[in-house]
Every structure is written in structure tokens, then in C-alpha cells.
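What follows is a short report on a single structure.
The values are calculated or read from the model by the stated rules, or taken from the named source; none is laboratory data. All figures in this text were calculated on a predicted structure; none of them were measured in a lab. Methodologically, a virtual Cβ is constructed for each residue, glycine included, from the backbone with ideal geometry; neighbour enumeration extends over all protein chains shown.
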Amino acid sequence: MTSDTSPARARPAERAGHEQAAAAARLRAAAEALSVLRYRPAAEQRRASRYAMRLLSTHAAKADWRSAGLPPPLADPPPDPAPPRRPATPVVPLTDPAVLHLARAAMQLHSTELRAADRPRRWAQLARFFAECLTEPTEELVRLQERVASARVNAGDTSPEVLTALLATLDRYRAADGENGYRTGLARANLSVAYRHRGSGADLATATRLAAEEVRARTTRYGPDHPVTLVARSLYTLSLLVQAEAMTAPAAQRALATRALAEITHVRTVRDRLFGVTAPNATRSRRHEARAFILLGEFDKARVCLECTLAFESVSNGDRESQESGQTHYELARVNRALGDSGKALEHVQQACRILAMHNPQGIAAGKAAALLAELSSSS
């Protein structure tokens, strides 16, 4: 009787296992490499998301990736007239964590092409797709489901259901990883954003406190100017700005704006150096800087800052109108109104309303732009 574990049978099976493991490692490495491109211009992110889909379509088990909410892959190059014979690419099963990891990176890049209002649905599609593939929840799937809640917050959904989910996530990671764990930090940052968006009662102070805690944790772990720390510092400064804008006492408002401006300027300077002035995160910091100037009554500085922001956004987006360019138009409308140029203010707020309504009509930014348009139209 011949044993099934004979060398002749074991060697091909062992070789196939090694090849599959190597293919999974390539998917994991690609996901890590592509994730850094979320700071690059939109066209680069679009190409990167298609490249990720090409890897999934060639290395992962056959799947309907469109049903998962993902884009089509990059088109294959024209075939050679007589291509050399190559061994078949080993297939990585959909249940392998590397497949979900790369799919999540592809969605992160692809989401820059989507309206903010459409992103939660696409993330939910991806989460459902993998929930059906896996027999039990995995760490990657849990993180993907958390990303759905985060996308809902960024689209303006601060319903009790979403806040409850974010609080539960933070409690779970605090218990598992401690106060300064990596996953705890992500959960704390997401909760801070949710409180800032909701903005009722003590929400803004809570958002600022959580953001400050995350800055301290990341500074200890990575240093003050590491890109990961800069994200937390930017989140903190935005919380300060929103808190200052909600204040009615001029002295308290000025104190917060002054504090925010020093931090924002430092973050923006480092991002300019690390990523370039047209990088999305650098232009975002420049817009925050302008908001601080507005609070401090330095409207000429704010206007120059915002005009640069708008120009850099145009370069980064390939002249595509993004939600963030709509926010820049809104801030320019505020500045021009303060400088007494009602015609320019009206022109910018009309642009803001059109762009923001196109991307997320129910969002906070669209509501503010509509209110300013009504105010300017009634006084013209």
C-alpha cells in the first residue's frame, strides 16, 4: 500500500503551500506600500487603487470585486506576440487575511474618487462581502467594520447607533491593549471626530480632550513630527478651531485661535517638507491655518493662505472639484465678506454650495455654505 505522505506526493503539495504563502506575502507587502499613497494627489491614488485591484484579480481567488464595491483593475498591457511560458500564479484564498488587507487598502485609495455621501455604502459593501466569505470574525474584518462607522461619521452621521459603536470600540481596545495601544489610539481619534461633528453641549470640549490625549500618546511612541503624530496634531488643532468658532467671548476665542495657529503652522510646515505643498494633507493644514487667521481678524493673511490652498488643491486633484475645494471656497467667501467685497464673497459661496451639495448634500459643510449663501443673497 502506498502512503499519501510519500515524498513524491508531499513535495508538490509542500511547494504549492510555499508558493501560496509567498503570494500572500506579496499582497500584504503591496497593501503596506500602497497605504502611504493616501497622502498623494488624487490621480496617483486612483492609479494605485487600480493596481491593487490588478493584484487581487491575479493573486486572489476568483471573486466579483465589483459586488464588494471596489473599482475595476488596471487594464492588462497588450500581450506579446509570443509570450514566454510562465508558471501559473498561485491563488490566495479569500479567507487569507492578506486578501482583506489589500482590499481595504484599495478601498481607502478608491474612496478619494467617491462622494463623501457614497463612501459609507461602499465600505459597508466591502464589509458584507468579507463577512460572507469568512466563517468567523477576524481582526481584519473587525477593523473593516470599524472603518464603516468612521466613514459614516465623516459623512455627517453622528446618530446614537454610530456613537455607541465607537465608544464600544474604544472600551474594547483599552481593555485589550491599554490606554496607549495602537488600536486604542485609532478608536480614540475616531471618537474625537464624531464628537466634533455632533458638536452639541460638551461635545467640542470632549473632542478636544480626546484629540489632545492622542497627540500625547503618539508623540511618546513616534516623536512629535512623525507623519502618524502629525495626523493627531492636525485633528487636535481642528478641534481647537471648531471650539473657538463656537465661542461668543472674544478673549477666550482669541486665546484658543492663537494656540491653534502656532500648532497648525508647525504641522503645515512639516507636511510641506515631507509631502510637498500640493499634498492633500498639506493643503488641508493650510486651510486650517486660514481659519485661525479669520478668528484672529487677520483677513488679508487668511485670503492669501486660502488662494494658495485653492491653487494647490487644483494641482493635486487634476482640476477635479473635491469636497475640500468646496470648503476652501466657503472660507474664501467668509474672508471676502469680512473684507467688504460682497461680490467676491457671493461668487465663492455659490461655488461652495454647488461643490459641497454635489459631494455630501446632508453634510455639515453643505449646511453652513447654504446658510451663508442665504445671508449674502438677502443683503445684496
Determine if segment 258-268 includes at least one residue that is touching a residue at least 60 places away in the same chain (Cβ under 8 Å) and either under 26 Å from the mean Cα position of the chain (by Cα) or not in a helix (DSSP H, G or I) (or both).
no
Considering only residues that are of a type in the set (Gly, Ala, Ser) and touching a helix residue (DSSP H, G or I) at 6+ places or on another chain (Cβ under 9 Å), which ones fall in segment 171-201?
Ala176, Gly178, Gly181, Gly185, Ala187, Ala189, Ser192, Ala194, Gly199
Is at least one residue of segment 282-305 farther than 30 Å from Pro250 by Cβ and not charged (D, E, K, R)?
yes
So which residues in segment 113-127 are in a loop (DSSP other than H, G, I, E, B) and of a type outside the set (Asp, Glu), if there are any at all?
Leu114, Arg115, Ala116, Ala117
Selection count where residues are of a type in the set (Ser, Thr, Tyr) and crowded, with 21+ Cβ neighbours inside 10 Å, scope segment 259-284:
1
Here are Arg28, Arg46: which of them is at pLDDT below 90 and charged (D, E, K, R)?
Arg46
Does Arg122 meet the test of being farther than 21 Å from Val193 by Cβ and of a type in the set (Lys, Arg)?
no
Of all residues in segment 281-319, which are in contact (Cβ under 8 Å) with a residue 60 or more places away in the chain and among the β-branched types (Val, Ile, Thr)?
Val315
Count of segment 143-168 residues which are assigned to a helix (DSSP H, G or I) and closer than 22 Å to Ser200 by Cα:
15
